[in-house]
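Shown next, in structure tokens, is the structure this report addresses.
The values are calculated or read from the model by the stated rules, or taken from the named source; none is laboratory data. Only a predicted model underlies this, so the values are computations on that prediction, with no experimental measurement involved. Neighbour counts are summed over all protein chains in view; Cβ atoms, including those assigned to glycine, are modelled from backbone coordinates with ideal geometry.
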Amino acid sequence: MKDVKVLGPGCKRCQTTAEMVQAEADRLGIPVHIEKITDYAAIAGYGIASTPGIVIDGTVVHAGGLPKPADLAKWLAA
Amino acid sequence: MTTPMNTLPQGEDRPHPTWFRPPRSWPAAAWMGGVVASMAVWAALYAHLVPFSEWVVSVLPIAHGGRLEDAVRFFVYDTPKVLMLLTLVVFVMGVVRSFFSPERTRALLAGRREGAGNAAAATLGIVTPFCSCSAVPLFIGFVSAGVPLGVTFSFLIAAPMVNEVALGLLFALVGWKVALTYLVFGLGVAIVAGWIIGRLHLEDWLEAWVRTVRSGTAALPAVEVSAVDRIRAGIEAVREIVAKVWVWIVLGIAAGAAIHGYAPADLLAAVMGRDAWWSVPAAVVIGIPMYSNAAGIIPVVEALIGKGAALGTVLAFMMSVTALSLPEIIILRKVLTIRLIAVFVAVVGLGILVVGFLFNALFA
């Protein structure tokens, strides 16, 4: 089970990012647990300056804008 | 445009719902060709806007030769013109911005000294992708990673004020001199206001929880960005920004058309002309709480200048509308105390005031 955190204050893009992660994980058959982090202090604690951000198993892999599906697949499979 | 958020198509070519998404598998050459062809179509359409608007006005059942016709002609010509120019500018800037990110800008600014740092921050504010919804993460991300407070403010002032939409539309509608002036004075306000806030050493006026965040910076994995990805970023920017601002633009053009057709020139000259010293402060005070993005305000600006309003007064109005707005202040309230917000608004407002007066005096 991969632990995925989507960092963002609850904007539309953050929602879309979470859905993209779920869709890509389903496609690859990787079980994931997605958690949304909306608290500003918690988001800042990950050291990013733009949202949405993606953290997989404790490692920040993405910040700012929607991720590319191909990159998502790479991060999820790693 | 409605984009259903919960009906997510599956498969790697369709990451999220959209109206136009050529398959990723297209070769890069097809993308380049598509861009060139689109530009050619754009140019052909743009060249025919005047006859098109004349034709529309001629077939409309309105009194010809009157004020109404003036106003309608302005509206019918300016709406497609502004929307087309906006689309072009947003696309090009979307591609340019794919070369920058807030994280990279932060790395460039961290530990910079004030002065040069303020200038760098304001300049990077033009090209770094920024939306007001992520102003708070950006603010904390900058400050907690060692970007000085005043330098962060220079970025935060320039990013919304000196943006590609404002510059591109000013250039297209009012001329390159006004656009360049707006760029230079806008950067000036951002640099000087940020520098002053930095010199005041107001770090203690941040909200307490912000001062305790010491996160450092995340090391993001390198991602390959191809030419096709950059074109897609441009299309994505058009999709997002034009869909969001077209209502404002139409409203702005309608207001501009009303001014164009009905506002008496001598009254406007008396209220917003060079001789009315109080018009600059009035423009700033009215503009600060207003929220409209640059796209909506520029057709109004064009109409005001055409009616003889002083350029400095109009620029001051536009700067205060874009640089300071109630929604942004409410968002920033999460990280700044009321006292610091008051200083921020006062310093930026004063800067804009000086620009307005200076400009009216210089170009009398």
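Each residue in the range A:13-68 was checked for being more than 10 Å from chain B (Cβ to nearest Cβ), over 14 Å from A:M1 (Cα atoms) and in a helix (DSSP H, G or I), and 1 of them qualify. I'm trying to understand the selection: among the residues of the range B:123-146, which are over 22 Å from B:I241 (Cα atoms) and either more than 9 Å from chain A (Cβ to nearest Cβ) or part of a helix (DSSP H, G or I) (or both)? Those that are over 22 Å from B:I241 (Cα atoms) and either more than 9 Å from chain A (Cβ to nearest Cβ) or part of a helix (DSSP H, G or I) (or both): B:F139, B:I140, B:G141, B:F142, B:V143, B:S144, B:G146.
A quick yes/no check of all residues on (1) at pLDDT 90 or above; (2) crowded, with 18+ Cβ neighbours inside 10 Å:
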| site | (1), (2) |
| --- | --- |
| A:G29 | yes, no |
| A:A44 | no, yes |
| A:A49 | no, yes |
| A:G64 | no, yes |
| A:L72 | yes, yes |
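Filtered by the rule that a residue be small (G, A, S) and either assigned to a helix (DSSP H, G or I) or in contact with a helix residue (DSSP H, G or I) (Cβ under 7 Å, 6 or more places away or on another chain) (or both), the range B:64-90 gives a lone residue, B:A71.
A quick yes/no check of all residues on (1) out of contact with any Lys or Arg (no Cβ under 9 Å at 6 or more places or on another chain); (2) crowded, with 24+ Cβ neighbours inside 10 Å:
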| site | (1), (2) |
| --- | --- |
| B:E114 | no, no |
| B:N118 | no, yes |
| B:A121 | no, yes |
| B:C133 | no, no |
| B:P137 | yes, yes |
| B:E164 | no, no |
| B:V189 | yes, yes |
| B:L202 | no, no |
| B:W205 | no, no |
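Of all residues in the range B:216-245, those satisfying the criterion of being within 11 Å of chain A (Cβ to nearest Cβ), crowded, with 18+ Cβ neighbours inside 10 Å and not charged (D, E, K, R) are B:T217, B:A218, B:L220, B:A233, B:A237.
Number of residues in the range B:22-47 that are surrounded by 11 or more Cβ atoms within 10 Å (Cβ to Cβ) and within 23 Å of B:L173 (Cβ to Cβ): the value is 6. Screening the range B:329-353 for residues that are within 14 Å of chain A (Cβ to nearest Cβ) and part of a helix (DSSP H, G or I) and picking the one that is nearest to B:W278 (Cα to Cα) gives B:I330. The residue pairs whose first member lies in the range B:18-35 and is modelled with pLDDT under 60, whose second member is surrounded by fewer than 10 Cβ atoms within 10 Å (Cβ to Cβ), and whose beta carbons are closer than 8 Å, counting only pairs six or more residues apart or on different chains, are B:W19/B:M1.
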